[in-house]
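The values are calculated or read from the model by the stated rules, or taken from the named source; none is laboratory data. All figures in this text were calculated on a predicted structure; none of them were measured in a lab. For neighbour counting, all protein chains shown are included, and Cβ atoms are generated from backbone atoms with ideal geometry for every residue, glycine included. In case anyone asks, the SASA skips ligands and DNA or RNA and just uses the protein heavy atoms, side chains included. Shrake-Rupley method; radii C 1.70, N 1.55, O 1.52, S 1.80 Å.
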Protein chains: 2
Amino acid sequence: MEQRSYQALKAIKKEAGKSNSVYMTTVRFGQVLGFSQQSASRLLIELEEKGYIRRKLENRKQVIEITDSGLEVLYGELNELSRILSQDMRVVIEGEVKSGLGEGRYYVSRKGYIVQFQEKLGFIPYLGTLNVKVDPLYEGNLRRMRSSEGIRIEGFKTEDRTFGAVKAFRARIGGEDCAVILPERSVYTDTIEVISKEYLRGKLGLKDGSRVRVTVDLS
Amino acid sequence: MEQRSYQALKAIKKEAGKSNSVYMTTVRFGQVLGFSQQSASRLLIELEEKGYIRRKLENRKQVIEITDSGLEVLYGELNELSRILSQDMRVVIEGEVKSGLGEGRYYVSRKGYIVQFQEKLGFIPYLGTLNVKVDPLYEGNLRRMRSSEGIRIEGFKTEDRTFGAVKAFRARIGGEDCAVILPERSVYTDTIEVISKEYLRGKLGLKDGSRVRVTVDLS
């Protein structure tokens with residue numbers, strides 16, 4: 001039952017504090033959840049099999065680390081509960097502008113994406129992305145975004161290859177409408193890609209290292 | 001198990017949307033939670049006994065209403081999860097200044113409270129409270145506040161009577177430090193009481209009907 005995973009991960013994260021890993025014996029884990037050691041042990045195995053935690057021994061003590069998928073369960077619950085309770089679904093993400101490798105430009109200029117950007121976001125993007133390296137202080141908000149569904153931009157095939165689905169989120173940067181885009185299947189990274197109908201570097205006078213604040217709408 | 005109540009209440013609130021009550025058959029309730037009709041029926045009885053929901057028949061259909069205590073379970077979980085995930089624990093509450101009945105002044109000037117205000121909040125309050133009728137749009141944030149522990153101001157006894165414990169929350173209003181206070185045992189009301197070392201009506205030029213924004217720190 002997925003609900004059990006949520007409770008267990010919440011308990012581990014609570015012990016871990018700001019970090020995502022913590023020294024925690026199986027006995028302690030059981031105590032926190034009110035389970036016998038045997039049940040606690042089974043649950044830890046289950047969480048490991050689901051890819052939500054990793055365990056290792058350090059100085060003969062058990063370290064439990066919550067994985068990115070495990071964190072997604074927690075941030076996903078936060079998003080769901082916030083939505084149900086009509087909380088503000090905008091989050092702020094701050095970071096520094098950095099140069100990409102031109103990949104963003106390549107992907108954003110594929111016709112299969114462009115037509116959907118126009119249809120679903122209401123604009124044809126400038127053919128390039130603004131890369132922002134997210135400040136560690138905003139990691140939680142970045143994870144909330146990654147755990148949200150967003151606006152789905154479908155994948156498609158061309159003659160020679162397949163392009164995967166992308167999630168897009170309406171956002172604002174320096175008074176401009178924009179969107180944050182994210183491959184649907186992607187490993188966690190601290191860099192986000194922003195698209196807009198404007199050339200944002202020019203319009204907002206940004207260069208590598210400029211600090212920016214992006215307000216992302218998760219609803 | 002309290003966790004079951006949380007899941008059940010979340011499911012009901014999801015169906016109810018912005019409202020706190022919804023037409024919902026026991027069968028439907030079971031479907032949503034993946035329970036048999038029998039288990040669903042038992043769970044509804046349990047929720048009723050705990051005071052989390054009320055049920056009635058309207059046009060021969062079952063209406064499930066989540067009570068204030070039931071909502072507290074949901075907002076309490078939101079607070080706990082937000083805290084664990086290091087989210088911003090400040091909430092904004094907006095409303096209109098209104099006149100009280102002088103009760104606030106009476107309570108705030110009791111010595112047993114004043115010494116604790118000074119010790120725990122760092123100020124001796126002006127002997128009166130600013131009453132703010134909260135805008136319905138901010139009801140969710142008000143409930144988040146009510147579901148939080150806050151800073152505990154202990155109750156005390158005098159020769160003739162008992163004064164109950166109070167929860168206090170550090171807050172800001174119009175650039176001034178202040179605190180929102182709330183009797184620990186109280187029924188839900190849409191009015192909050194704000195104390196400050198300043199006479200806020202004078203300092204901020206407020207009168208009945210003035211709109212104010214209070215930023216409350218739940219952490």
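Computed from the mean reciprocal separation of all distinct C-alpha pairs, what Kirkwood hydrodynamic radius does segment B:41-148 have, in Å?
Values: mean 1/r = 0.0578 Å⁻¹.
After inverting the mean inverse Cα-Cα distance, the result is 17.3 Å.
For label points placed 7 Å from Cα toward Cβ, what is the shortest-first list of nm distances from B:ASN59 to its copies?
In nanometres, ordered from closest: 6.7.
Over chain A, what is the mean sequence separation of C-alpha contacts under 8 Å (at least six apart), divided by residue count, expressed as relative contact order in percent?
20
Rounded to the nearest whole Å³, what is the per residue volume of the convex hull around the Cα atoms of the protein assembly as shown? Don't skip to the answer; put the middle values down first.
Numbers: hull volume 99.8 nm³, N = 438.
Cα-based convex hull of the protein assembly as shown, divided per residue, equals 228 Å³.
Can you classify segment A:156-204 as rounded, prolate or oblate using the Cα gyration tensor, where a ≥ b ≥ c are the square roots of its eigenvalues, rounded means a/c under 1.5, and otherwise it's prolate if a/b beats b/c and oblate if not? The partial results should precede the final answer.
Details: a/c = 2.62, a/b = 1.76, b/c = 1.49.
Prolate, because a/c is 1.5 or more and a/b exceeds b/c.
Using a 1.4 angstrom probe on the protein heavy atoms only, line up B:SER5, B:SER109 by accessible area, largest first.
On the way: B:SER5 0, B:SER109 35 Å².
Descending accessible area places them as B:SER109, B:SER5.
State log₁₀ I(q)/I(0) for segment B:87-217 at q = 0.13, 0.15, 0.17, 0.20 Å⁻¹ as given by the Debye formula over alpha-carbon point scatterers of equal weight, solvent excluded.
Computed log10 I(q)/I(0) values: -0.49, -0.66, -0.86, -1.22.
Provide an ascending nm list, one decimal, of label-point separations from B:GLU48 to the equivalent residue in each further copy; define each label point as 7 Å from Cα along Cα→Cβ.
Its label point is 4.6 nm from the equivalent points in the other copies.
Going through segment B:129-173, which GluC sites (Glu not before Pro) have at most 13 other Cβ atoms within 10 Å and a DSSP loop state?
Details: sites: B:GLU139, B:GLU149, B:GLU154, B:GLU159; in loops: B:GLU149, B:GLU154, B:GLU159.
Filter output for segment B:129-173: B:GLU149, B:GLU154, B:GLU159.
Say we join alpha carbon atoms closer than 10 Å with springs in a Gaussian network model of chain B; which of B:ASN141, B:ASN20, B:ASN79 then has the biggest fluctuation?
Of B:ASN141, B:ASN20, B:ASN79, the Gaussian network model singles out B:ASN20 as fluctuating most.
Once you put a point 7 Å from the Cα of A:ARG105 and another 7 Å from the Cα of B:ARG201, both along the Cβ direction, what distance in nm separates them?
Placing both labels 7 Å beyond Cα along the Cβ direction yields 6.5 nm.
Report the Stokes-Einstein translational diffusion coefficient (µm² s⁻¹, integer) for segment A:3-66, Rh taken as the Kirkwood radius over Cα pairs, at 10 °C with viscosity 1.306 mPa s. Numbers along the way, then the final one.
Values: Rh = 11.5 Å.
Value of D from the Cα-based Kirkwood radius: 138 µm²/s.
Taking a label point 7 Å out from Cα toward Cβ, give me the nm distances from A:SER99 to the same spot in the other copies, shortest first, one decimal.
Its label point is 6.9 nm from the equivalent points in the other copies.
Any idea what diffusion coefficient chain A gets from Stokes-Einstein, in µm²/s, Kirkwood Rh on alpha carbon pairs, 10 °C, 1.306 mPa s? Intermediate values should be presented prior to the final figure.
Values: Rh = 19.2 Å.
This corresponds to a translational diffusion coefficient of 83 µm²/s.
List the trypsin sites (Lys or Arg not before Pro) within segment B:22-72 that fall in a DSSP loop (any state other than H, G, I, E or B) and whose Cβ has at most 11 other Cβ atoms within 10 Å. Don't skip to the end; give the middle numbers.
Values: sites: B:ARG28, B:ARG42, B:LYS50, B:ARG54, B:ARG55, B:LYS56, B:ARG60, B:LYS61; in loops: B:LYS50, B:ARG60.
Passing both the DSSP loop test and the Cβ count: B:ARG60.
Pick out, in residue order, every one of the trypsin sites (Lys or Arg not before Pro) in segment B:109-156 that is DSSP loop and has at most 15 other C-beta atoms within 10 Å; say none if there are none. Let's see the in-between values first.
On the way: sites: B:ARG110, B:LYS111, B:LYS120, B:LYS133, B:ARG143, B:ARG144, B:ARG146, B:ARG152; in loops: B:ARG110.
Here the trypsin sites (Lys or Arg not before Pro) that fit, given the DSSP loop and packing criteria, are B:ARG110.
Among A:LEU200, A:LEU71, A:LEU81, whose mean-square fluctuation peaks in a Gaussian network model of chain A (Cα, cutoff 10 Å)?
Result: A:LEU81 has the largest fluctuation of those listed.
Counting only protein heavy atoms and rolling a 1.4 Å probe, how much accessible area do B and A lose on contact, total for both sides, in Å² to 100? Each step should come with its number before you reach the end.
Details: alone 12570 and 12550 Å², together 23100 Å².
Roughly 2000 Å².
Roughly how far apart, in whole Å, are the Cα centres of segment A:86-132 and segment B:162-204?
Using only Cα atoms, the two centres lie 44 Å from each other.
Is it possible to state the helix-based mean residue ellipticity at 222 nm for the protein assembly as shown, with each DSSP H run of 4+ residues giving -39500 (n - 2.57), the sum divided by total residues, to the nearest 500 deg cm²/dmol? What is it? Present the calculation step by step, with values, prior to reporting the outcome.
Numbers: 16 runs with 154 residues, N = 438.
Per the formula, -10000 deg cm²/dmol.
Mind telling me which of B:ALA11, B:ALA179, B:ALA168 comes out most flexible in a GNM of chain B, alpha-carbon contacts under 10 Å?
B:ALA11
Below 8 Å between Cα atoms, with a sequence gap of 6+, how large is the relative contact order for segment B:87-217 in percent?
Values: 249 pairs, mean separation 45.4, N = 131.
Relative contact order of segment B:87-217: 35 percent.
Using θ = phi - 60° and the Karplus form 6.51 cos²θ - 1.76 cosθ + 1.60, what ³J(HN,Hα) does each residue of segment B:69-82 get, whole Hz, x for Gly and Pro?
5, x, 4, 5, 4, 5, 5, x, 5, 4, 5, 4, 5, 4
Pairs B:LYS14/B:LYS56; B:LYS167/B:LYS197; A:LYS56/B:LYS10; B:LYS18/B:LYS50; B:LYS13/B:LYS61; B:LYS133/B:LYS197: which exceed 25 Å Cα-Cα? Before the final figure, lay out the partial values.
Values: B:LYS14/B:LYS56 19 Å; B:LYS167/B:LYS197 18 Å; A:LYS56/B:LYS10 35 Å; B:LYS18/B:LYS50 23 Å; B:LYS13/B:LYS61 18 Å; B:LYS133/B:LYS197 21 Å.
Check vs 25 Å cut-off fails for A:LYS56/B:LYS10.
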